[in-house]
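Below is one structure, written out as structure tokens; comments come after it.
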Amino acid sequence: MKITAYTTCPECAGAGHRRIILPAGVQELPCQTCRATGDITLDYAWRIKAGKALRRQREKAHLGVRQAAKDMGITVRFLQRLENGGAPKIVYHAMCKRLGINLDQPARQRELA
Ligand SMILES: [Zn+2]
């Protein structure tokens, strides 16, 4: 039996929806990250964290999504999926190893290192 662990959705803080400010007024839209449940798996939370670390690294190198995707030989769509936590875990392990990113270290320490 596989046990799946969950954690609070980091995008909506567990609310299950997000407030969007439009010219017509404030609208509440279902959170796409947790599919409006307010929770995501620990695995997905880890992948979101890894994707953000990769995005920070790309931005630090002053690379736009188009150029970065071209350099890596992947599509812009896949790069965006990757940076949003939507790729398989093994892809993050490989990329972080290649870029020298240690995900066990908090982001603040990584930036100072
Ligand atoms: Zn959510």
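Coordinate-derived values only; no laboratory data. Just so it is clear, the structure is predicted and the values come from calculations on it, not from any experiment. Cβ: placed from backbone, ideal geometry, glycine included. Neighbour counts: every protein chain shown.
So, counting K/R as plus one and D/E as minus one, what does the shell of residues with Cβ under 12 Å around Val26 add up to?
+1
If each of Ile21 and Lys70 carries a label point 7 Å out from its Cα toward its Cβ, how far apart are those two points in nm?
Each label point is offset 7 Å from its Cα along the Cβ direction, giving 3.6 nm.
Based only on Cα atoms, what mean projected area does the convex hull of the stretch 39-108 have, in nm²? Present the calculation step by step, with values, prior to reporting the outcome.
On the way: hull surface 19.3 nm².
Orientation-averaged projected area of the Cα hull: 4.8 nm².
Grab the other residues whose beta carbon is less than 14 angstrom from that of His62, score K and R as +1, D and E as -1, and report the net.
+3
Among all lysine pairs in the stretch 6-112 that are eight or more places apart or on different chains, how many have alpha carbons less than 16 angstrom apart?
Count of close lysine pairs: 6.
What FRET efficiency comes out for Tyr6 versus Ala61 if R0 is 35 angstrom and r is the Cβ-Cβ distance? Round to the nearest 0.05.
The formula returns an efficiency of 0.55 here.
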